[in-house]
Amino acid sequence: MPVIIRLNKSKRINAAQLEILRECQERSSKDFDLTLMICLLRNIGGLSTPSNGWDQLPHPNETLPGADLATLKWYRNEVAHTTLTSMDTNEFTDKWTRVEKALTSLNKGQRPHEVTEIQNYDLDGEQAKALANAELKHLKTEYMEFERENYG
């Protein structure tokens, strides 16, 4: 836990992430978001730093796990911090290919089945509604748990 405390003091992880890690015995890494998982792996996982560093998009031919994680982090941040709500097909295909390549590489060369599922989602029809409803249900459950834990 001393490494975790150091990461919190240096503001590499926030209070909410620290709380998740403190409750680790009751949780698994499935409860970690991408940002927290990459932070832990790069700080205590012994990974090689990508040639461009952790905060830049690695060259497409760089194939070490650190570069794959930096690729995922780059595109996660790009999507999370954009104000745009659309992109053209070529741009999407390029980004999708880079993310898929990184995920496949991290999964020992096997394309994760979730990638196929996500790629085949019909985000304009019934699957979009089902996905949104599932996310709302999940958020409601998390909120209810928070209320129960903090306010009795």
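The values are calculated or read from the model by the stated rules, or taken from the named source; none is laboratory data. Just so you know, these numbers come straight off a predicted model, no measurement behind them. Methodologically, a virtual Cβ is constructed for each residue, glycine included, from the backbone with ideal geometry; neighbour enumeration extends over all protein chains shown.
Would you confirm, using the coordinates I've provided, whether Tyr75 is modelled with pLDDT under 90 and of a type in the set (Phe, Trp, Tyr)?
Considered against the rule, which asks whether it is modelled with pLDDT under 90 and of a type in the set (Phe, Trp, Tyr), Tyr75 comes out as no.
Might you check whether a residue that is in contact with a Ser or Thr (Cβ under 8 Å, 6 or more places away or on another chain) and surrounded by 11 or more Cβ atoms within 10 Å (Cβ to Cβ) occurs anywhere in the range 117-131?
no
Has the range 52-72 got at least one residue that is exposed (fewer than 15 other Cβ atoms within 10 Å of the Cβ), out of contact with any Pro (no Cβ under 7 Å at 6 or more places or on another chain) and within 20 Å of Gln17 (Cβ to Cβ)?
yes
Among residues belonging to the range 106-123 that are assigned to a helix (DSSP H, G or I) and touching a Leu at 6+ places or on another chain (Cβ under 9 Å), point out the one that is nearest to Glu135 (Cα to Cα).
Glu114
Among the residues of the range 118-152, write down those that are closer than 16 Å to Asp31 by Cα and within 19 Å of the chain's Cα centre (by Cα).
Glu135, His138, Leu139, Glu142
Within the range 38-48, can one find any residue that is within 12 Å of the chain's Cα centre (by Cα), closer than 20 Å to Lys108 by Cα and of a type in the set (D, E, K, R)?
no
Kindly check whether there is at least one residue in the range 86-96 that is surrounded by 15 or more Cβ atoms within 10 Å (Cβ to Cβ) and either in contact with a Pro (Cβ under 8 Å, 6 or more places away or on another chain) or more than 28 Å from Asn43 (Cα to Cα) (or both).
No, that holds for no residue.
Test Ser51 against the stated conditions and say whether it is of a type in the set (S, T, N, Q) and under 23 Å from Arg12 (Cα atoms). Give the steps one after another, and end with the answer.
Working: of a type in the set (S, T, N, Q): yes; under 23 Å from Arg12 (Cα atoms): yes.
Against the criterion (of a type in the set (S, T, N, Q) and under 23 Å from Arg12 (Cα atoms)), Ser51 qualifies.
From the list Ile44, Ile5, Ile38, pick out the single residue that is without any contact (Cβ under 8 Å) to a residue 40 or more places away in the chain, in contact with a helix residue (DSSP H, G or I) (Cβ under 7 Å, 6 or more places away or on another chain), among the β-branched types (Val, Ile, Thr) and over 22 Å from Glu117 (Cα atoms).
One residue alone meets the criteria, Ile38.
Step by step: first the residues of the range 14-49, then only those that are within 23 Å of Val79 (Cα to Cα) and among the acidic types (Asp, Glu), then the one that is modelled with the lowest pLDDT. Which residue is that?
Per the criteria, the residue is Asp31.
One line per residue, one yes/no per condition, for (1) assigned to a helix (DSSP H, G or I); (2) in contact (Cβ under 8 Å) with a residue 24 or more places away in the chain:
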{"residue": "Ile13", "(1), (2)": "no, yes"}
{"residue": "Gln17", "(1), (2)": "yes, no"}
{"residue": "Thr49", "(1), (2)": "no, no"}
{"residue": "Gln56", "(1), (2)": "no, no"}
{"residue": "His59", "(1), (2)": "no, no"}
{"residue": "Met87", "(1), (2)": "no, no"}
{"residue": "Glu91", "(1), (2)": "yes, no"}
{"residue": "Glu100", "(1), (2)": "yes, no"}
